[in-house]
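I have placed the structure first, in the form of structure tokens, so that the comments after it can refer back to it.
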Amino acid sequence: MLGWKELPFEVMQTGEFWQELLMKGKIKIAKKIKEPVTMQDPCNVIRRAGAAEKFRDIVRATCEDFTEMYPNREHNFCCNAGGGLAGLSNWAAHKAKGNRVKAEQIKATGAKIVITPCHNCNTGIKDIIKYWNLNVKNMFFDEILVETMEIPEELKIKE
């Protein structure tokens, strides 16, 4: 990459970055989300990068009621967004219709929030929620953190 044998920087997914900030105490959690949540394990980040436990660290730190989908981690069913195919809007309903297994997997958890660490998964899960009329919403880790983190006094808006 760019002619380097070894990169002079670490490459990580944003969820891995958030987890590092949490573990180092640079982000402090003030309150936890009370609604039941589940999480989509993104295929590439889980299977290739091994981020499953890092992502669960974030969920455990920010959410009170976490239920795993089954199967999960590297065996989880794909969101059907296809590593970028989610952007092909003409195929959204077709892909969502073909992913009844994911809709059933989400429903079985009883969750009201599906955490989607990957942008493609976020789009794929939104399509599934809409097509299968699921009573859930999906959120990125940064949205979860914004709702739960302590805002330092020096960063609060002064009235």
Practice problem: Can you give me the number of residues within the stretch 136-159 that are within 13 Å of ALA30 (Cβ to Cβ) and in contact with a Gly (Cβ under 9 Å, 6 or more places away or on another chain)? | Solution: 0
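Looking at GLU53, GLU64, GLU68, which one is outside any helix (DSSP H, G or I), more than 19 Å from VAL146 (Cα to Cα) and at pLDDT 90 or above?
Working: GLU53 fails: outside any helix (DSSP H, G or I); GLU64 fails: more than 19 Å from VAL146 (Cα to Cα).
Exactly one residue qualifies, and that residue is GLU68.
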Self-check item: Cross-chain or 6+ apart pairs with Cβ under 9 Å, the stretch 22-51 first and under 15 Å from GLN105 (Cβ atoms), then of a type in the set (D, E, K, R) and not in a helix (DSSP H, G or I)
Solution: PRO36/GLU64; PRO36/ASP65; PRO36/LYS112; VAL37/GLU64; VAL37/ASP65; VAL37/LYS112; THR38/GLU68; MET39/GLU68
Quiz prompt | Filter result (within 15 Å of the chain's Cα centre (by Cα) and part of a loop (DSSP other than H, G, I, E, B)) within the stretch 9-30 | solution = MET12, GLN13
Self-check item: Close pairs (6 angstrom Cβ cut-off, 6 or more residues apart or separate chains): in a helix (DSSP H, G or I) in the stretch 100-126, of a type in the set (Ser, Thr, Tyr) anywhere
Solution: THR109/THR38; THR109/THR67; ASN122/THR116; ILE125/THR116
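The values are calculated or read from the model by the stated rules, or taken from the named source; none is laboratory data. Bear in mind the structure is a predicted one, so any value in this text is a computation, not a measurement. Neighbour counts run over all protein chains shown; Cβ positions are idealised from the backbone, glycine included.
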